[in-house]
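Asks: Starting off with a structure, shown below.
The values are calculated or read from the model by the stated rules, or taken from the named source; none is laboratory data. Computed from a predicted model, the values in this text were never measured in an experiment. Here the Cβ positions follow ideal geometry from the backbone for every residue, glycine too, while neighbour counts run over all protein chains shown. The area values use the complete protein model at the heavy-atom level, side chains included, leaving out ligands, DNA and RNA. Shrake-Rupley method; radii C 1.70, N 1.55, O 1.52, S 1.80 Å.
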Amino acid sequence: MSGLNPRQLEAVRYTDGPLLVLAGAGSGKTRVITQKIAHLIGQKGIAPRHICAVTFTNKAAREMRERVGQQLTDVKTRGLTISTFHTLGLNILRREPERVGLRQGFSLLDAQDSEALIKEHLRHAQDADAISPPALQHRISRWKNDFIDPTQALSQAEDDFEARLAALYADYERSLKAYNAVDFDDLILTPAQVFRTQPDLLQHWRDRIRYLLVDEYQDTNSAQYELVRHLAGPEGAFTVVGDDDQSIYAWRGARPENLIRLKDDYPTLKVIMLEQNYRSTARILGLANTLIANNPHVFKKRLWSEHGPGEKPRVIQCKDETHEAETVASEILHLKYAENMPFGDMAILYRGNHQARQFEKVLREYNIPYFLSGGTSFFARTEIKDVMAYLRLLANPEDDAAFLRIVNTPRREIGPTTLERLAEYARTTETSLLAACETAGLNAHLGERQRDRLGAFVRLTDTHRQSVTADPAGGLRNLVDAIGYAGWLRENASSQAVADRRFENVTDLIGWLGKLHKGDFQNKRLADMVNHLTLMDVLDRQDEESGGDRVHLMTLHAAKGLEFPQVFLVGMEEELLPHRTSIEEDSIEEERRLAYVGITRARKTLTFTLTRRRKRYGEWIPSEPSRFLNELPKDALDWGDRTPDDSAVERKARGLSHLHMMKGLLSDD
DNA sequence: TCCAGTACTATTTTT
DNA sequence: TAGTACTGGA
């Protein structure tokens, strides 16, 4: 436990009751959690299987697992649970699905699947165009996070429109039920609900989890709070770590007030503040403190650092967004070639994804390698969704959504008309689509050829269900072969190379399935593996790519939890940061926290940029400096002594000379 | 079934 | 404006 400061040490050792650790940015919170796990096992003698640490992202869970692994041997950590909220929820559900209103083999729909389902319902609704699918999805998600079921939503509706939304929510829930499926929100909601009504199930999990640790507690929503409260029990054997100043997900249902609520629910709650920052220079930290002091606080904290003052953070004013991108690019070249900094130490942070475009363009022109986070994830790719749908249908024959996705993929000459009639028939007989395919009653609705094709599809699933269950990886490989999936990809791709790439993704998926089966899931059902794959965002691939020496481009939201020696915080303008809609909705406190998160990502240098005009929807709009810049003391920032235009010319020249230098370096090889 | 032209939409996003 | 999602015609 060496290398911990007194406060951290106190947080690690305190196990007498509920503990809230308010960990400022860069104060070593992950270290506290991992050390605490080691302490609980090593000093307190708590068996690893009784300890559970919960995070929000797979990445955070992976990192925590690695760091615990550095401190304890595999043997000592056997049985320890480190997982995301959603994986924990999934494990609770799958233990006894029948108890929670599901059947064995239930499917898990990801955000995309559930949006597709919502779209489908909207298609049949009147005045469907008044409601956008993502908005409805968001609405349903909020309802679920707040424990509001369709009936309650309907009774609370204040107008017709609300009532229609509630009705669609009811339709959606009915479909999920019929499909024997849950969505991501259900993974939290359902366990929390079940724990309310079924004490014996709760008792089982309380016996299992005797000590609970929660990371990024300020991001919990009501359902997650409830889940934690149930698991922790009245005596509250838990440590939660969070930072109210880094709460930037309220729009997604996060309730930062859960930090305060904890004090009411657990009067004996102990609060420890971690205020020593190990990341940034004093000047950067000073800015962060000054800025965030403009927000109201229940817990007052002030970060300090033993690092030197460092360089004065700069503000660079640019003409427009193109100029802004060029300025940052030449600054980057300067850092790289004049000051010998690796590209990988630099990050460009912005409020909205659309801002990335200009930067990408210019970085490409300047030949600066970059990594853009926030692309389409592996599991959003069509080929992966297809294969996953096959697996889902094998595991859960009632999953109509999966059926519809693959019944004609690759092409089996089963067209929309056939499917419509099948669906109609299945609706009247209240069976799943797959089951309906082979019932005699279908004769009245479909011709012989159509029935034959559907029958062939059913036999295909039957045959492979058995082989995939026995040997997931091998069975899936056979299935992919049998349906001629590689050929189908080739037909549909623009080039052989693209088709190959896609098929390689499928091969990777097969590999993971095999790994999962050999590892933790040896005796588990196919459905369990499929659901786990759905939750696992396989970012390893992305991490590899982000590895090299590249400049990082990402949104402020995506930057939380990361740090970079050199940070460019761009677009420091009114209507961008704070964002326009936040100004209108009067929610600039969260925007201020967003700016705070951005500033506290920087270790050594921090550069703000802003423009004097920006193109919005095709029109040039003059821009105002962000109020957040005005909240910072003038003399704490280097606003540049040159006029913007002079510096522009000069920087461009500087950038170009570096460009030549780089080309020179390359041709020497 | 595919492509081209049209209509739509512009905050943040993980699970 | 510009990038994308969808629709309808060939």
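Asks: Does A:ARG49 satisfy being over 28 Å from A:ARG381 (Cβ atoms), within 13 Å of DNA strand B (Cβ to nearest atom) and touching a Gly at 6+ places or on another chain (Cβ under 7 Å)?
Replies: Criteria not met by A:ARG49.
Asks: Out of everything in the stretch A:325-359 that is open to solvent by less than 40 Å² (accessible area, probe 1.4 Å) and within 16 Å of DNA strand C (Cβ to nearest atom), what residue ends up being nearest to the chain's Cα centre (by Cα)?
Replies: A:GLY352
Asks: Report yes if A:PHE378 is out of contact with any Ser or Thr (no Cβ under 7 Å at 6 or more places or on another chain) and modelled with pLDDT of 90 or more, otherwise no.
Replies: no
Asks: Related question: Name the helices (runs of 4 or more DSSP H) wholly within the stretch A:433-483 that hold at least 1 residues that are more than 28 Å from A:HIS532 (Cβ to Cβ), open to solvent by 60 Å² or more (accessible area, probe 1.4 Å) and in the same structural domain as A:ASP508 (by the TED database)?
Replies: Qualifying helices (runs of 4 or more DSSP H): A:448-470.
Asks: Among the listed residues A:GLU430, A:GLU448, A:GLU413, identify the single one that is acidic (Asp, Glu) and closer than 26 Å to A:ARG174 by Cβ.
Replies: A:GLU430
Asks: Do the conditions hold for A:ALA111, that is, is it surrounded by fewer than 20 Cβ atoms within 10 Å (Cβ to Cβ), out of contact with any Pro (no Cβ under 7 Å at 6 or more places or on another chain) and under 19 Å from A:PHE56 (Cβ atoms)?
Replies: Criteria met by A:ALA111.
Asks: From the list A:LYS144, A:LYS177, pick out the single residue that is closer than 29 Å to A:ALA395 by Cα and buried (at least 19 other Cβ atoms within 10 Å of the Cβ).
Replies: After applying the criteria, what remains is A:LYS144.
Asks: Of all residues being of a type in the set (Gly, Ala, Ser) and surrounded by 12 or more Cβ atoms within 10 Å (Cβ to Cβ) in the stretch A:488-510, which is modelled with the lowest pLDDT? Just the residue, please.
Replies: Applying the filter and picking the extreme gives A:ALA493.
Asks: What helices (runs of 4 or more DSSP H), lying completely within the stretch A:109-200, carry at least 3 residues that are hydrophobic (A, V, I, L, M, F, W, C) and within 16 Å of DNA strand C (Cβ to nearest atom)?
Replies: Filter on the stretch A:109-200 gives A:111-124.
Asks: It is to be established whether one or more residues within the stretch A:91-98 are more than 16 Å from DNA strand C (Cβ to nearest atom), over 21 Å from A:PRO397 (Cβ atoms) and open to solvent by less than 60 Å² (accessible area, probe 1.4 Å).
Replies: Checked against the condition, which is being more than 16 Å from DNA strand C (Cβ to nearest atom), over 21 Å from A:PRO397 (Cβ atoms) and open to solvent by less than 60 Å² (accessible area, probe 1.4 Å), the stretch A:91-98 yields at least one hit.
Asks: Related question: Starting from the stretch A:104-119, take each residue that is under 13 Å from A:GLU173 (Cα atoms) and at pLDDT 90 or above and list its partners that are of a type outside the set (D, E, K, R) and in a strand (DSSP E or B), counting only C-beta distances under 9 angstrom and pairs at least six apart or across chains.
Replies: These pairs meet every condition: A:LEU109/A:ALA181; A:LEU109/A:VAL182.
Asks: Going by the conditions given, is A:LEU629 aliphatic (A, V, I, L, M) and either out of contact with any Ser or Thr (no Cβ under 9 Å at 6 or more places or on another chain) or part of a loop (DSSP other than H, G, I, E, B) (or both)?
Replies: In short, yes.
Asks: For A:ILE284, which of the numbered conditions (1) under 19 Å from A:LEU576 (Cβ atoms); (2) at pLDDT 90 or above fails to hold?
Replies: It fails just one condition, (1).
Asks: A:ARG208 passes all but one of (1) without any contact (Cβ under 8 Å) to a residue 40 or more places away in the chain; (2) of a type in the set (D, E, K, R); (3) away from DNA strand B (no atom under 16 Å from the Cβ); which number fails?
Replies: (1)
Residues are listed down the side, and each one gets a yes or a no for (1) modelled with pLDDT under 85; (2) acidic (Asp, Glu); (3) within 38 Å of the chain's Cα centre (by Cα):
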site	(1), (2), (3)
A:ASN367	no, no, yes
A:GLY374	yes, no, yes
A:PHE403	no, no, yes
A:VAL407	no, no, yes
A:ALA423	no, no, yes
A:ALA436	no, no, yes
A:LEU442	yes, no, no
A:LEU446	yes, no, no
